[in-house]
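Read the structure below first, then the notes.
All of the numbers you see were taken from the coordinates with simple rules; none came from a lab. Just so it is clear, the structure is predicted and the values come from calculations on it, not from any experiment. For neighbour counting, all protein chains shown are included, and Cβ atoms are generated from backbone atoms with ideal geometry for every residue, glycine included.
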Amino acid sequence: MMRTKAMARTNFRTVGAFALAWTCVHFHEARAADAGHPVSEKCEAPAGADASLAEMDPAQRTRFIRDRLHRDAANARLWSWGWGLGNTAAGAASFTLGVFETDRVKRTWDFIWAGAALIPPALLVLFPLSVMADSRELDGVPESTLGTCAAVARAEVLLERDAAQEESGIAWYNHALEIGINVALGVIMGYVLDDWVDNSISAGIAIGMGETQILTQPVGAIRARKRYFAGDLSSAQDARESVRWTLTPLILPHASGIVIGARF
């Protein structure tokens with residue numbers, strides 16, 4: 001009997017030790033699995049955004065902003081280079097006319113028109129669309145950190161900054177300033193030179209180019225912010241926005257004009 005009880009205690013201890021070891025092993029494996037597949041954080045929605053945004057996967061939110069800014073940056077580079085080169089060419093043409101002009105007063109005003117044509121390219125250099133640099137920053141974020149709240153917050157900051165700049169670029173006061181400067185310049189030159197026809201034409205061309213440049217400025221960040229704040233991160237809208245139209249001047253040695261293009 002004593003031997004039987006001793007054997008029972010030994011077997012019980014053996015089974016207990018085995019069960020404890022099995023539990024520890026599986027607990028360790030479960031912790032390792034959780035470490036390899038961490039649960040995504042829940043990140044707060046920015047002020048003014050739809051409440052559903054806070055329940056969405058943070059990585060999805062970051063990717064949405066990254067992809068939209070990447071697309072907008074490509075359009076911004078095309079727009080900046082196109083209008084920068086186009087206005088520079090227009091200024092060079094006016095400068096060339098001034099070089100060969102025999103009348104000293106008219107030559108001076110040709111140079112003034114040339115200088116006015118170089119203002120837009122100078123502004124593009126001094127105040128470039130920030131989406132071009134911001135997109136490169138987001139493109140460099142590692143995939144493993146896209147789901148963190150820090151990554152989401154940074155992407156939201158860049159989206160807001162780019163959208164605000166694009167809104168400022170197409171605001172009414174930029175239209176008024178561009179038209180006002182060219183009208184004033186045309187009136188002054190027409191009065192001083194007593195040549196209203198040529199200077200009216202020059203002012204009209206300058207206004208047309210300036211307005212077209214403003215109206216064709218990329219606004220992808222504005223649209224992306226509107227969708228993001230509405231909690232619309234679906235791909236259905238992407239299909240409707242897949243075509244991107246662009247309008248830029250073309251200046252070549254033997255040809256010039258306006259290039260209309262589309263990106264699919």
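Taking only pairs six or more apart or across chains, which ones have beta-carbon atoms under 8 Å, a first residue in segment 124-135 that is under 16 Å from Arg71 (Cα atoms) and touching a residue at least 12 places away in the same chain (Cβ under 8 Å), and a second residue that is aromatic (Phe, Trp, Tyr) and buried (at least 18 other Cβ atoms within 10 Å of the Cβ)?
Leu129/Trp79
Out of the residues in segment 141-158 that are assigned to a helix (DSSP H, G or I) and in contact with a Pro (Cβ under 9 Å, 6 or more places away or on another chain), which is farthest from Thr108 (Cα to Cα)? Can you show your working first?
Restricting attention to segment 141-158, the residues satisfying the condition of being assigned to a helix (DSSP H, G or I) are 143-145, 149-158.
Next cut, in contact with a Pro (Cβ under 9 Å, 6 or more places away or on another chain) only: 149, 151-153, 156.
Working: Cys149: 59, Ala151: 54, Val152: 54, Ala153: 53, Glu156: 49 Å.
Taking the candidates together, the pick is Cys149.
Tell me, please, whether a residue that is touching a residue at least 24 places away in the same chain (Cβ under 8 Å), aliphatic (A, V, I, L, M), within 19 Å of Arg223 (Cα to Cα) and part of a helix (DSSP H, G or I) can be found in segment 86-95.
no
Would you kindly identify the helices (runs of 4 or more DSSP H) lying entirely within segment 97-140 that contain at least 1 residues that are closer than 27 Å to Leu159 by Cβ and either in contact with a helix residue (DSSP H, G or I) (Cβ under 7 Å, 6 or more places away or on another chain) or not aromatic (Phe, Trp, Tyr) (or both)? Before you say what the answer is, go through the steps one by one.
Numbers: elements: 104-117, 119-126, 131-139.
Correct list: 119-126, 131-139.
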